[in-house]
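Below: the structure, in structure tokens.
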Amino acid sequence: MTTPLIRDMDLIRELMLKIEGGERTFNVLSSDVAAAIGVPTEGAQTHEEAEKLRYHLDLLVKGGFIEVTDYLGGVTEVEAITWEGHDFLDSIRDPVVWAKTKDGIKSAGGFTFDLLKALAKGFIKKQVEERTGIAL
């Protein structure tokens, strides 16, 4: 049975923060595939976990947030965070802003990625105005 391919924004955020923090190599090989091709399965993920990670890394690539060099051997190597990726990180890095953004999206009953980013930027703008006294 295949895992439903649902975009998990908490995972997207978590992956971007890990990449920004220096993690560049992501093992997307599942234990069942590792066993089938004869490589060690120790530390390998379940099929569902590997599929979810691979899917979200692919979303980050297609969304223009990261660049990858290779998908060989069940490993995704991240080469760089793009300008757009850095902008996204700047808008969601703060846990308080992220929590408020998620609450706002839940209240709206749905979202597009651009709306999520705009809402996060709105919360940051409000924080800047409150902390500096300068209206933006």
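Tell me whether the stretch 114-127 contains one or more residues that are under 14 Å from the mean Cα position of the chain (by Cα) and not β-branched (V, I, T).
Within the stretch 114-127, one or more residues are under 14 Å from the mean Cα position of the chain (by Cα) and not β-branched (V, I, T).
Name every residue in the stretch 103-126 that is of a type outside the set (A, V, I, L, M, F, W, C), out of contact with any helix residue (DSSP H, G or I) (no Cβ under 7 Å at 6 or more places or on another chain) and more than 19 Å from L60 (Cα to Cα), in order of residue number.
The answer is D103, K106, S107, G109, G110, G122, K125, K126.
Inspect the stretch 112-122 for any residue being under 21 Å from G64 (Cα atoms) and polar (S, T, N, Q) and give the result as yes or no. Let's see the steps before the verdict.
Initially, the stretch 112-122 is screened for residues under 21 Å from G64 (Cα atoms), giving 112-121.
Still in the list and also polar (S, T, N, Q): 112.
Checked the stretch 112-122: at least one residue is under 21 Å from G64 (Cα atoms) and polar (S, T, N, Q).
Quick one: which strands (runs of 3 or more DSSP E) sit completely within the stretch 1-119 and have at least 3 residues that are free of Cβ contacts under 8 Å to residues at least 40 places away in the same chain and either acidic (D, E) or crowded, with 16+ Cβ neighbours inside 10 Å (or both)?
Values: elements: 25-27, 66-70, 75-81.
Filter on the stretch 1-119 gives 66-70.
As an exercise: evaluate E67 against (1) under 16 Å from D8 (Cα atoms); (2) in the same structural domain as K18 (by TED's automatic domain parsing); (3) touching a helix residue (DSSP H, G or I) at 6+ places or on another chain (Cβ under 8 Å) and give the number of the one condition it does not meet.
(1)
The values are calculated or read from the model by the stated rules, or taken from the named source; none is laboratory data. Please read all numbers here as calculations on a predicted model, not as lab measurements. So basically every Cβ, Gly included, is an ideal-geometry build from the backbone, and we count neighbours across all protein chains shown.
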